[in-house]
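Contents: one structure, followed by commentary.
The values are calculated or read from the model by the stated rules, or taken from the named source; none is laboratory data. In this text, all values refer to a predicted model and were calculated from it rather than measured experimentally. Virtual Cβ from ideal backbone geometry, glycine too; neighbours counted across all protein chains shown.
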Amino acid sequence: MRFLIVLIMASLLAAAVFAADRYAARQLLRADPDALPADAMLLRFAVRRGKPLFEARCAVCHGASGTGDPATGVPNLTDDDWLYGTGRPAEIERVIDYGIRSRNPKAWNLAIMPAYARPQPNPADKNIQPLSPRDIDDVIEFLMRRQGRQADPAAASRGAGLFTGHGGCYDCHSIDAKGDSAIGAPNLSDAITLYGDGSREALYMSIAYGRQGVCPAWINRAGAASIRELALYVYSISHPGAIQNGY
Amino acid sequence: MSIQFHTPVRFKMATDQRPEHAPWRDPSQISHARSFVLMAAGVLIGLVLAGYSLFTARSVSTLIVPAEDVALVNQQPISRADYLALLQTLYGVDLSHATREQRHKVLDDMIREELFVQRGKELDVAATDPDVRGALVNAVELEIAENAITSQPSEAALRQFFETHEDRYVSEGVMRVRDLVFPVSALPELPSEAQALKRAINDPPTVARLNGRDSGKTKGEEFYFAAKIHLGDELFAAARDLGNGAVSKPIQTPDGIHVLDMQQNKQPVPFGYAAARPQVVSDYRNQAVDRLKSSGESFLRRRANVLIADDLR
């Protein structure tokens, strides 16, 4: 008889855990993603489930800790510098859903760093013309000056003209070179670099040969709940104070 | 011979001295009431689970809108993610800051779109509308290629791809070359020996005497592709192999005799794997996508029944 009682109690407990889990998952999906950081219980629930998903799907590029790799142009997800948007959970979720240059029609597909040392810097935009080697060097000096580093003043002035002139750099990176997170154009006036170590050589490689990193779209390969859990996990590693009471 | 029916016997053991329980509570005794109750409970649990699965599972849900969706239109879900994205795009607000009217308007628009899409399928608009056909082709290609886009190739595979296509990953060459052009009549007077020719073209009075001039085709340092466009194929081919400080032999073209004075020539340099890796990943993926598209198309062709008119066979 005791065995029967234990069996029934265990079944009820398992059912209760399952039901609570389903309820939390449902609450998680129904909630406004941007409001979730304020809900400590749901956030902890999502982060707990998002971590293994991150390790299984995202860590292969972003690394297990999410710090990325400048050598391969994989962004650091643990800092507060966001290429796309401002780091809100809904924005992170959108990137996971549709990807970046993933060929999904709803992906962030607009911004491509042209290869200015190639005859056709951006095959999708015939208006962008190549630059000469000296032009590229001048633009690099301009960027050095924008970052407060030592630069050749004459070359930097010429570079400024190119940046806002026929180089067309301003079109994505904006006039002040601070980038545009609405299209994923990085801020070029700070010390954070997506590719390389910020040296002249690394900048030359980016300007001369272009960049177009890809983040895949997961919308058709992961459930909505998994994507939200992943988004909140990424949010949590970039906002270490988000989870109170110690996760 | 008599048939004896076995009747369960409860073996009383030394420890079995506790008070008697009701038969349904004692697992060692058969109880019809208990069997019935447990069977009924099992049936009930089974029905609840089946009903839950039937009415909540994605794509078969009939009564409950799944949590990841905001509506079902003829059982076709409207995704919550799409709803939030549209809300943000149209009004620049998230769900908690959207007004009731904004929420309803967006939902209503999405339901309307879904209804028209479903009607479009019924009418088979893809048969006549080239835009719809193009969009369908793109969507199916994307679907086919999804595996290649989503999966991350291994370093070994990337390295092998790089080694196989190493010639793709080179820097663009840079040259600074002066192109001097002389009339054909000056050809006999141009020195044939390289050093003497170099001295001659760098001596302005000599150049003037021979009616020579800088063609102006090149300006300072140029990438190879730009120099090729400016100089033309023939002159560029001659310039490409000149070392720093070298001059070409006189080259006769329809517009005169050209002498190239190479001031600086940086030949293309192969990139190492680390420098080329981002491009290698992109090229590897593109190749995988093309391969998948091609095999997807082959599969569709194999299973299709295509009849071609006699005159076009």
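This table checks each residue for (1) surrounded by fewer than 16 Cβ atoms within 10 Å (Cβ to Cβ); (2) in the same structural domain as B:Phe236 (by TED's automatic domain parsing); (3) at pLDDT below 95.
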| residue | (1), (2), (3) |
| --- | --- |
| B:Gly256 | no, yes, yes |
| B:Ala274 | yes, no, yes |
| B:Arg277 | no, no, yes |
| B:Ser282 | no, no, yes |
| B:Asn286 | yes, no, yes |
| B:Leu292 | no, no, yes |
| B:Ala304 | yes, no, yes |
| B:Asp310 | yes, no, yes |
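Taking the criterion of being in contact with a strand residue (DSSP E or B) (Cβ under 7 Å, 6 or more places away or on another chain) and not in a loop (DSSP other than H, G, I, E, B), the residues of region A:207-223 that qualify are A:Arg211, A:Cys215.
Here A:Gly184, A:Gly148 are screened, and the one residue that is modelled with pLDDT under 95 and buried (at least 17 other Cβ atoms within 10 Å of the Cβ) is A:Gly184.
For region B:270-312, residues that are under 24 Å from the mean Cα position of the chain (by Cα), of a type in the set (A, V, I, L, M) and more than 14 Å from chain A (Cβ to nearest Cβ) total 1. Against the list (1) among the charged types (D, E, K, R); (2) without any contact (Cβ under 8 Å) to a residue 60 or more places away in the chain; (3) within 14 Å of chain B (Cβ to nearest Cβ); (4) surrounded by 20 or more Cβ atoms within 10 Å (Cβ to Cβ), the condition A:Glu141 fails is (3). The single residue among B:Arg159, B:Arg176 that is within 14 Å of chain A (Cβ to nearest Cβ) and touching a Gly at 6+ places or on another chain (Cβ under 8 Å) turns out to be B:Arg176. The condition of being under 24 Å from A:Ala115 (Cβ atoms) and either more than 21 Å from the chain's Cα centre (by Cα) or in contact (Cβ under 8 Å) with a residue 24 or more places away in the chain (or both) does not hold for A:Asp171.
Of the set (1) more than 9 Å from every other protein chain (Cβ to nearest Cβ); (2) in contact with a Leu (Cβ under 9 Å, 6 or more places away or on another chain); (3) within 13 Å of A:Glu229 (Cα to Cα); (4) not β-branched (Val, Ile, Thr), all apply to A:Arg44 but (2). Looking only at region A:228-242, residues that are closer than 10 Å to A:Leu43 by Cα and not in a helix (DSSP H, G or I) come to 1 in all.
Of all residues in region A:173-206, those that are part of a helix (DSSP H, G or I) and within 12 Å of chain B (Cβ to nearest Cβ) total 5. Of the helices (runs of 4 or more DSSP H) lying entirely inside region B:191-289, the ones with 3 or more residues being of a type outside the set (Lys, Arg), without any contact (Cβ under 8 Å) to a residue 60 or more places away in the chain and more than 30 Å from A:Gly210 (Cα to Cα) are found at B:194-201, B:204-209. Scanning region A:65-102 for residues that are within 12 Å of chain B (Cβ to nearest Cβ), crowded, with 19+ Cβ neighbours inside 10 Å and of a type outside the set (A, V, I, L, M) yields A:Gly73, A:Pro89, A:Glu91, A:Glu93, A:Arg94, A:Asp97, A:Tyr98, A:Gly99, A:Arg101, A:Ser102. Being outside any helix (DSSP H, G or I) and closer than 30 Å to A:Ile92 by Cα, is that true of even one residue in region A:22-36? Within region A:22-36 (the criterion being outside any helix (DSSP H, G or I) and closer than 30 Å to A:Ile92 by Cα), the answer is yes, since at least one residue qualifies. In the set B:Val181, B:Val170, only one residue is closer than 30 Å to B:Ala274 by Cβ and of a type outside the set (D, E, K, R); that residue is B:Val170. Please go through region B:70-85 and pick out each residue that is surrounded by fewer than 20 Cβ atoms within 10 Å (Cβ to Cβ), touching a strand residue (DSSP E or B) at 6+ places or on another chain (Cβ under 7 Å) and part of a strand (DSSP E or B). Across region B:70-85, the qualifying residues are B:Ala71, B:Pro77, B:Ile78, B:Ser79.
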